[in-house]
Amino acid sequence: MKRYAWYHTLDLGQGVVTQGVFDHRPALGHYLVPTDLSGMRCLDVGTMDGFWAFEMERRGAAEVLAIDIEDPEALDWPRSLREKTVKTLDIEKGERFELAREALGSSVKRILRPVYELDIDLGEFDFVFCGDLLAHLKDPITAVENIRNVCRGSATICDPIVRFRLGRRRALASFDGIDNFQWWALSEHALVRMMEAAGFTRVERGKPFELPTASRGSWRGLRGIVRGYV
Amino acid sequence: MSDVLSTLASRNDAARRIREHGFWYHTIDVAPGLTTPGWFDSRHVVDLLPWPEVAGKRCLDIGTYDGFFAFELERRGAREVVAIDIEDHSLWDWPAEARPSVVGERDLSALGPPKGAGFRLLADLLGSKVEWRPLSIYQLDEGTLGTFDVVVCGSLLLHLRDPVGALDAARSVCKGWLLSSEQVELGLSLAGRQRPVFRLDGSGETCQWWLPNTLGHERLLWSAGFSVEARSRLYVERFNAHPPPDRSLPWRLRQAVVASLTRDRHPGVLHRAVLARPRI
């Protein structure tokens with residue numbers, strides 16, 4: 001357990017808690033994830049160590065699929081970062097997920113599949129969760145469209161957001177793609193717009209929140225949360 | 001001017017063919033007094049762009065539509081010009097609400113005959129040797145078309161879901177210069193000079209996605225592996241057959257700012273062009 005650098009803080013039972021970069025537990029109430037997922041078929045997109053996949057299973061999901069990619073070279077690295085970034089966090093995520101899955105006695109199924117290739121061959125899902133992924137994608141629009149395409153109920157997307165002085169209610173994005181592993185930094189309304197553009201007929205906004213400062217790393221900070229209904 | 005138009009009869013025939021073509025995007029002079037009634041008029045823009053050396057070069061025009069920039073490259077003495085576009089209007093990066101499966105094929109007929117038809121008609125009338133290929137920017141690669149000394153891409157990136165991926169593909173065939181002319185947001189350009197910012201649209205029949213401020217346009221190019229070497233001033237892609245603006249008060253205020261920035265009082269779309277070269 002200690003051998004790995006964990007991405008998620010996971011409570012594996014019997015007092016074992018992984019020391020993740022992100023601890024979502026104190027913020028659970030902010031995420032627009034139904035407390036009761038009984039009987040539902042769920043998908044976790046970009047699962048990493050599996051926190052949300054295991055959480056959806058815990059909330060009663062009939063079946064949970066988790067997709068991710070393992071080859072760090074397949075990530076949308078900005079060119080300047082591709083060489084110099086330490087990729088252990090990505091290389092070992094499959095091992096960490098499996099370790100956690102065994103410890104939890106979980107039956108979540110993890111599949112290697114980039115969100116860009118997410119398709120209906122995996123079936124349709126009553127609920128889809130995608131957290132902290134869009135910011136790392138060159139093409140988040142295709143990702144959201146693919147999520148919409150496999151969704152037959154609703155989908156919740158959570159991502160870092162920025163607030164613009166120029167217009168809080170506008171769909172804006174600042175663009176990096178150079179210095180940080182981040183492409184489009186969306187405003188809350190841009191996140192909503194992206195859901196609408198992908199064809200969700202109704203989009204619900206959660207209250208933006210700060211991931212608790214207990215988390216390590218530079219990726220804590222303001223999160224926007226939206227739930228789209230087909 | 002080609003021999004095709006050397007007689008009055010052939011000239012009348014050309015005028016008829018231009019008239020009968022359902023939709024013109026570009027305003028292009030075919031002969032004195034004979035011009036396509038395009039939605040946009042870019043003729044004055046030619047002198048404002050930061051052109052690289054074109055004479056004797058192998059050139060590519062991406063998203064050529066009726067061929068305005070392709071024919072201009074040829075006129076400037078390019079050794080060879082290839083023009084690409086997607087033929088089928090249903091293959092644009094439509095947002096969900098405007099997809100052909102939602103709005104129906106008939107609505108796309110407002111965009112005219114398949115792209116390439118207007119181009120071929122003009123190529124015939126102008127006696128042009130530009131080669132037209134049905135290809136999307138996303139599909140560009142060295143194996144298909146080879147490489148180019150000069151690549152031109154005008155008013156296209158805003159219509160793409162994935163402009164970074166598209167520019168990556170463009171860079172893969174660009175061995176010299178990229179001339180990139182794009183729509184820019186007025187307010188975001190003035191207020192956000194220090195920050196690359198985009199407005200996300202993703203709705204409706206104009207099929208627009210990421211609309212940059214001037215710095216956003218440059219940053220996009222940089223992250224796709226280009227460095228920006230020269231910039232044009234702001235200019236207007238003028239409306240011609242394009243439906244006129246509503247002339248509401250906000251529009252008139254905005255228009256006054258655009259006119260003072262561009263020294264151009266014509267209604268149209270604010271643009272800026274940059275000349276870039278692959279940096280990797």
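Given R₀ = 25 Å, what would the calculated FRET efficiency be for A:Asn149 paired with A:Arg82, taking r from the Cβ atoms and rounding to 0.05?
Numbers: r = 29 Å, r/R0 = 1.17.
Result of the calculation: an efficiency of 0.30.
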Under Karplus coefficients 6.51, -1.76 and 1.60, residue-wise ³J(HN,Hα) of segment A:114-124 in Hz, glycine/proline x: x, 4, 4, 10, 4, 8, 5, 4, 8, x, 9
Given charges at beta-carbon only (K, R positive; D, E negative), |dipole| of segment A:36-229 in Debye: 1060
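Averaging over every viewing direction, what projected area does the convex hull of the Cα atoms of segment B:97-140 cover, in nm²?
Numbers: hull surface 17.5 nm².
Result: a mean projected hull area of 4.4 nm².
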FRET efficiency for A:Val230 and B:Glu229, using Cβ-Cβ distance with R0 set to 45 Å, rounded to 0.05: 0.45
Helix-derived mean residue ellipticity, 222 nm - over chain B, DSSP H n ≥ 4, -39500 (n - 2.57), to 500: -8000 deg cm²/dmol
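Which shape class, rounded, prolate or oblate, goes with segment B:3-278 when its Cα gyration tensor gives a ≥ b ≥ c as root eigenvalues, a/c under 1.5 marks rounded, and past that a/b bigger than b/c marks prolate?
On the way: a/c = 1.35, a/b = 1.16, b/c = 1.16.
Judged from the Cα gyration tensor, segment B:3-278 comes out rounded (a/c under 1.5).
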For segment B:95-173 versus segment B:179-207, the gap between their alpha-carbon centres in whole angstrom: 21
Inter-probe distance in nm under a simple model that places probes 7 Å from Cα toward Cβ, at A:Leu122 and A:Lys207: 3.2
Dipole-positive endmost among A:Pro114, A:Gln14, B:Pro250 within the protein assembly as shown (Cβ charges, Cα centre): B:Pro250
Dipole axis of chain A (+1 Lys, Arg; -1 Asp, Glu on Cβ), positive-most option in A:Ala66, A:Ile141, A:Ala190: A:Ala190
Inter-probe distance in nm under a simple model that places probes 7 Å from Cα toward Cβ, at A:Glu73 and A:Asp36: 4.9
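When the dipole is taken about the Cα centre of chain B, and only Lys, Arg (+1) and Asp, Glu (-1) are charged at their Cβ, what size is it in debye, to the nearest 20? Working shown, then result.
Numbers: 34 positive and 35 negative charges, 188 e Å.
With Lys and Arg at +1 and Asp and Glu at -1, about 900 debye.
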Cβ neighbours within 10 Å from other chains - mean over B:200-211: 4
Debye, to nearest 20: dipole size of segment B:67-215, +1 on Lys, Arg Cβ, -1 on Asp, Glu Cβ: 420
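Kirkwood Rh, Cα Rg: Rg to Rh for the protein assembly as shown? Present the calculation step by step, with values, prior to reporting the outcome.
Numbers: Rg = 25.4 Å, Rh = 24.9 Å.
The Rg/Rh ratio comes out at 1.02.
Please give the FRET efficiency for A:Leu112 paired with B:Ser172, using the beta carbon to beta carbon distance and R0 = 35 Å, rounded to the nearest 0.05.
For A:Leu112 and B:Ser172, the calculated efficiency is 0.85.
If you take the Cα Rg of segment A:38-183 and divide it by 2.2 N^0.38 Å, with N the number of residues, what do you get?
Compactness ratio reported: 1.10.
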Residue (of A:Leu43, A:Leu75, A:Gly206) at the positive-pole extreme of chain A, dipole from beta-carbon charges: A:Gly206
Theoretical ellipticity at 222 nm over chain A - DSSP helices of four or more residues, -39500 (n - 2.57) apiece, nearest 500: -5500 deg cm²/dmol
Range of Cα positions in segment A:57-137 per principal axis (Å), largest first: 43, 30, 20
Where labels lie 7 Å past Cα in the beta-carbon direction, separation of B:Asp246 and B:Arg133 in nm: 4.3
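For B:Thr206 and B:Ser10 in one chain, what is 0.36 nm times their gap in residues minus the Cα-Cα distance, to one decimal in nm?
The B:Thr206-B:Ser10 span can extend by a further 67.0 nm.
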Segment B:77-228 shape via C-alpha gyration tensor axes, a/c threshold 1.5: oblate
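Output the antiparallel fraction of DSSP beta bridges having both residues in chain B, as a percent to the nearest 5.
55
Among bridges DSSP assigns within the protein assembly as shown, what percent are antiparallel (round to 5)?
Details: 44 of 84 bridges.
Within the protein assembly as shown, antiparallel bridges account for around 50 percent of the total.
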Segment A:13-113 shape via C-alpha gyration tensor axes, a/c threshold 1.5: prolate
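Only the coordinates and a few stated rules stand behind these numbers; no lab work does. Owing to the predicted nature of the structure, the values given are computational and were not obtained by experimental measurement. Counting neighbours? That spans all protein chains shown, and the Cβs are built from the backbone with ideal geometry, glycine included.
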